[in-house]
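Asker: Before I ask anything, here is the structure I am working with.
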Amino acid sequence: MPNTVPPTDTPARLAAKMEDASNKILVNVGFHAAAVGARLSIKKMARMGAFSFKLYLPRPISPLDVNDNTLRRLIRASSEEDVPLTVHAEEPTELKTVRPQTFYDMAQSRPARAEIHAIERIRQLREPLGSPIHFCHVSIASNLQRIHSSPGLTAEVTPHHLLLSNKSLKHLTWKAWMVPPLRSETVRRRLLQATVSGRADVIASDHAPHEIKEKAVQPRDSPPGIPGLETTLPLLMSLVGKGVMSLRTIVACLARNPARIFGLNSKGRIEHGTDADIILVDPNKRSVVRPEKFLSKAKYSPFEGWTTQGQVDTTIVGGHVIFERGQIVAAPGSGVVLKRN
């Protein structure tokens, strides 16, 4: 994602990221660019293979006036390049200005209507254009229906919005602070039901690997986001083990649909002529979430101590084993930097 220091908001910075990654990555990695106002930059980053332009509506990653005219131009530009716009949907005018004392207070300052109004606004602005737009980390079930009522719009949910409620903020504090924030238990249950019913296109980790020293500070200074890369599949497999979610849903939301939405034509399915990217999972093996063992630099999780059922045994990328029985067995740089077709 482009919300790094410096942000991925110019062709030069995108090129530098791709070059840096090519020497380090073990898996295949593609890059999203920040939504910018410069039409030429959008064109160049699209031609370089950016998979989307990310619009963080409350406070854009790269300076951008999010008035209606600017957003129409942005939607049109991304559509002309056939690159999706990915949207963090919270309407800035609906966010409350508060002096937060707790992380729960901060969550209350970002009400559900901010997400509802942002999605409706983006839907209306793109309506004459029919542009492909993907809504990130949707936290309210009714928004999934709202999104799917317009062809060309897609939506994702996250494991933390499916499994945790805002009650977690009271005892986990910064470990459960993300945006959109965790919702009520009722809203969480409805989102999970909508997802298992097939109304979400994607389940995304929304991985945000902040270090503990960054997060464990006063609420107003703590960056939102949690690590999710290493917990997503075990948590979802546990739902399969409990009979809550089908394996078919996991395959669709973690592989087939993301490949379709972002133009990865040779991925997301196992058949002749596609890339041999395969994860082998032991569906019966149980393990405990232990953040201190994460390979990510973020050594914490709101799921710490949870027992999961379904453990990754082997990861195969392009036909080559890169991870096996808890150990990385490939050399850095063995992955490939992917580019949108």
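Please treat every number below as a calculation from the coordinates, not as lab data. On a predicted model such as this, the values are computed, not experimentally measured, just so you know. Quick reminder, even Gly has a Cβ in these numbers, built from the backbone with ideal geometry, and neighbours come from all protein chains shown.
Asker: If you rank 306, 174 by fewest surrounding Cβ atoms within 10 Å, what's the result?
Answerer: By the 10 Å Cβ count, ascending, the order reads 306, 174.
Asker: Once amide H atoms are built 1.01 Å from N in the peptide plane, which residues 5 or more positions from residue 135, or in another chain, come under 5 Å H to H?
Answerer: When sequence neighbours closer than 5 places are left aside, the close amide H contacts are 87, 154, 155, 156.
Asker: Something else now. Could you derive backbone 3J(HN,Hα) for the range 100-110 from the dihedral phi with the Karplus parameters 6.51, -1.76 and 1.60 (θ = phi - 60°), listing whole Hz in sequence and x where the residue is Gly or Pro?
Answerer: Couplings: x, 9, 9, 5, 5, 4, 5, 5, 5, 7, 10 Hz.
Asker: Now, a different point. Hey, got the dipole for the chain? About the Cα centre, +1 on K and R Cβ, -1 on D and E Cβ, debye to the nearest 20?
Answerer: The calculation lands at about 420 debye.
Asker: Under 27 Å Cα-Cα from residue 24, which lysines qualify once same-chain neighbours fewer than 8 residues away are excluded?
Answerer: Counting by Cα, and skipping residues close in sequence, residue 24 has these lysines nearby: 44, 54, 213, 215, 267, 293, 297, 299, 339.
Asker: Taking amide H positions as placed 1.01 Å from N in the peptide plane, with prolines and chain starts having none, which residues 5 or more places from residue 281, or on another chain, fall under 5 Å of its amide H?
Answerer: 313
Asker: Taking a temperature of 37 °C and a viscosity of 0.692 mPa s, what whole-number D in µm²/s does Stokes-Einstein yield for the chain with Rh from Kirkwood over alpha carbon pairs?
Answerer: Approximately 158 µm²/s, per Stokes-Einstein.
Asker: P(r) tail for the range 68-185, what percent of Cα pairs lie past 26 Å?
Answerer: 25
Asker: Taking each pair of distinct Cα atoms in the range 136-292 once, what is the resulting Kirkwood hydrodynamic radius in Å?
Answerer: 16.8
Asker: Estimate the FRET efficiency between residue 299 and residue 98 by the formula 1/(1 + (r/R0)^6), using the beta-carbon distance for r and 35 Å for R0, to the nearest 0.05.
Answerer: 0.70
Asker: Ordered by residue, what ³J(HN,Hα) values in Hz, to whole numbers, does the range 143-155 give under the Karplus form 6.51 cos²θ - 1.76 cosθ + 1.60, where θ = phi - 60° and Gly and Pro are x?
Answerer: 5, 4, 5, 4, 5, 6, 6, 10, x, x, 9, 10, 9
Asker: Under the rule of -39500 (n - 2.57) per DSSP H run of 4 or more residues, summed and divided by the residues of the chain, what mean residue ellipticity at 222 nm is obtained, to the nearest 500 deg cm²/dmol?
Answerer: Computed ellipticity for the chain at 222 nm equals -9000 deg cm²/dmol.
Asker: For residue 288 and residue 67, what does the FRET efficiency come to when R0 = 35 Å and r is the distance between their Cβ atoms, rounded to the nearest 0.05?
Answerer: Efficiency, from the Cβ-Cβ distance: 0.10.
Asker: Related question: Quick one: check the C-alpha center-to-center distance for the range 64-123 versus the range 323-341, whole angstrom.
Answerer: So the separation of the two Cα centres works out to 34 Å.
Asker: Something else about it: Applying the Karplus parametrisation 6.51 cos²θ - 1.76 cosθ + 1.60 with θ = phi - 60° to the phi angles of the range 161-178, what ³J(HN,Hα) value in whole Hz is obtained for each residue in order, glycine and proline being reported as x?
Answerer: So the Karplus estimates, Gly and Pro as x, are 6, 7, 10, 10, 10, 5, 4, 5, 5, 6, 10, 9, 6, 4, 5, 10, 9, 8 Hz.
Asker: Turning to a different aspect of this structure: What is the gain in length, in nm to one decimal, between residue 218 and residue 307 on full extension, counting 0.36 nm per residue of separation less the C-alpha to C-alpha distance?
Answerer: Full extension from residue 218 to residue 307 adds 29.0 nm.
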